[in-house]
Amino acid sequence: MSTKDNVLHLLKENSDRYYSGEQIAKKLNISRNSVWKAINSLKNSGYNILASSNKGYKLEADDILHADSIVYYLNDKDFFDITVHDRVTSTNTLAKQLASTELKEGNVIVAKQQTHGKGRMQRAFYSPDNSGVYFTLTLCPNMEGKMLPYFTALAATSICNAVASLCNKNPKIKWVNDIFIDQKKISGILCEASFSVENASLEYIIIGIGINVYKPKDGFPKELDGIVGYVSDNQIPDLKNQLVANILNNILLQYQKFDTKEITREYKSLSFIISKEVYIVKDKEYIPVVVVDINDKNELVVRHRDGAIEHIVAGEVSLRMENCDEK
Ligand code: BTN
């Protein structure tokens with residue numbers, strides 16, 4: 001870790017009090033001048049560090065996305081390469097552009113705002129400044145293309161676990177890629193992949209995740225009102241950085257094990273649609289069914305009104321529920 005990271009670490013761990021330059025220098029075994037340089041560098045990166053001539057330095061608690069703060073919370077700091085942007089068109093678009101010139105597993109593009117956030121089925125994903133986190137992780141699994149649904153599943157469970165542990169909420173999954181709290185969508189996942197021409201195996205996969213952390217300053221657009229929600233009513237210091245890191249930690253853990261049975265089991269345990277009556281929407285037709293199961297291939301197993309059982313593949317249909325409609 002660099003001196004800057006070490007100073008950040010110390011200030012974060014002691015964010016309730018001032019730490020003098022001398023104490024920091026002593027603790028980290030560096031010169032006062034190095035401390036001063038690190039503090040300036042942190043200020044230049046946008047950290048709000050209060051400085052008092054007789055008390056020293058104190059990190060003002062905020063909830064602003066910073067690459068080094070995300071890294072601070074990561075378990076494996078070597079696997080991920082994090083960059084944070086103020087505003088992009090879409091982190092998925094950027095990740096794909098980057099992959100075509102410089103493919104790197106563990107690359108993570110984070111944005112504070114997206115002007116053309118993308119959702120599934122050609123929908124837009126509303127991504128205003130300040131209120132959410134939008135990021136895309138690139139992975140290069142040596143696997144067949146049919147494994148793709150497991151990545152959406154492990155991303156979904158990772159989001160639920162992170163939100164549950166950091167915000168004391170109880171998020172649930174609506175097949176296939178939406179996360180809900182209290183019947184409102186708070187997060188969506190868009191996985192995209194590139195396949196090798198030779199053997200149709202996965203060349204790379206990008207996992208795009210958007211989370212509405214707080215209510216946007218100007219509220220949600222009319223068409224999303226009542227459908228879309230957010231994670232927290234109150235600002236929580238460093239929540240966004242912790243959410244990104246916690247989700248990446250969860251994803252990496254599952255990716256390294258890649259136990260498909262365990263992924264499906266956890267996905268099912270967090271799903272709120274099993275045994276519910278829903279509509280599957282095929283070519284604009286609404287078909288009422290009961291969800292019987294989500295099988296090992298992450299297909300939705302449904303029972304039609306005439307008793308017939310059908311296995312639904314993600315991407316072919318969308319799902320509608322009373323009080324819980326999609327955008
Ligand atoms: C959906 O709700 O259908 C999926 C939404 C996925 C949104 C995320 S935000 C980060 C990444 N970049 C995008 O343009 N989309 C994904």
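The values are calculated or read from the model by the stated rules, or taken from the named source; none is laboratory data. Treat the numbers as computed from the prediction; the structure is a model and nothing was measured. Here Cβ is always computed from backbone atoms with ideal geometry, including for glycine, and neighbour counts include all displayed protein chains. Heads up: the accessible areas ignore ligands, DNA and RNA and are worked out on the full protein's heavy atoms, side chains in. Shrake-Rupley method; radii C 1.70, N 1.55, O 1.52, S 1.80 Å.
Close amide-amide hydrogen proximity is noted between Gly229 and Lys185, Ile186, each under 5 Å apart and 5 or more residues distant or on a separate chain (H modeled in the peptide plane; Pro and chain starts excluded). Taking Cα atoms only, the orientation of helix 32-44 departs from the longest principal axis of the chain by about 40 degrees. The 3J(HN,Hα) values that the Karplus relation (6.51, -1.76, 1.60; θ = phi - 60°) gives for segment 243-248 are, in residue order, 4, 4, 5, 5, 5, 4 Hz. Gly and Pro appear as x. D for the chain, whole µm²/s, Stokes-Einstein with Kirkwood Rh over alpha-carbon pairs at 4 °C and 1.567 mPa s: what number? It diffuses with D of about 61 µm²/s by this estimate.
A 24 angstrom limit on the alpha carbon distance is what I want to check against. Which of Lys104/Lys185; Lys43/Lys118; Lys112/Lys222; Lys185/Lys284; Lys112/Lys257; Lys4/Lys215 exceed it? Provide the component values of the computation, followed by the final result.
Values: Lys104/Lys185 31 Å; Lys43/Lys118 33 Å; Lys112/Lys222 22 Å; Lys185/Lys284 22 Å; Lys112/Lys257 31 Å; Lys4/Lys215 33 Å.
Over 24 Å apart, Cα to Cα: Lys104/Lys185; Lys43/Lys118; Lys112/Lys257; Lys4/Lys215.
Taking label points 7 Å from Cα along the Cα-to-Cβ direction, Asn14 and Asn234 give a separation of 2.7 nm. Phi angles across segment 113-125 convert, under the Karplus curve 6.51 cos²θ - 1.76 cosθ + 1.60 with θ = phi - 60°, into 3J(HN,Hα) values of 7, 10, 8, 9, x, 10, x, 6, 6, 6, 7, 8, 10 Hz, Gly and Pro given as x. Once Rh for segment 198-281 is found with the Kirkwood sum over Cα pairs, what is the Stokes-Einstein diffusion coefficient at 25 °C and 0.890 mPa s, in µm²/s? D, rounded to a whole number, is 146 µm²/s. Of the solvent-accessible surface of segment 116-268, computed with a 1.4 Å probe and all protein chains present, 46% belongs to carbon and sulfur.
Distance from the alpha carbon centroid of segment 1-64 to that of segment 203-266 works out to 30 angstrom. Take the Cβ atoms of Thr101 and Lys55, set R0 to 35 Å, and the FRET efficiency comes out at 0.15. Considering only Leu59, Ile24, Asn44, the residue lying farthest towards the positive end of the dipole of segment 10-66 is Ile24, judged by Cα position with unit charges set on Cβ. Coupling constants for segment 196-202 follow from the phi torsions by the Karplus curve (6.51 cos²θ - 1.76 cosθ + 1.60, θ = phi - 60°), and in residue order they are 6, 5, 5, 10, 6, 7, 6 Hz; glycine and proline get x. Counting pairs of Cα atoms in segment 1-87, how many percent are more than 21 Å apart? Counting every Cα pair in segment 1-87, those more than 21 Å apart make up 28 percent. Shape annotation for segment 176-327: C-alpha extents along the principal axes are 52, 42, 29 Å, from largest to smallest.
Compared with the direct C-alpha span, the chain from Asp225 to Asp296 gains 22.1 nm at full extension, assuming 0.36 nm per residue.
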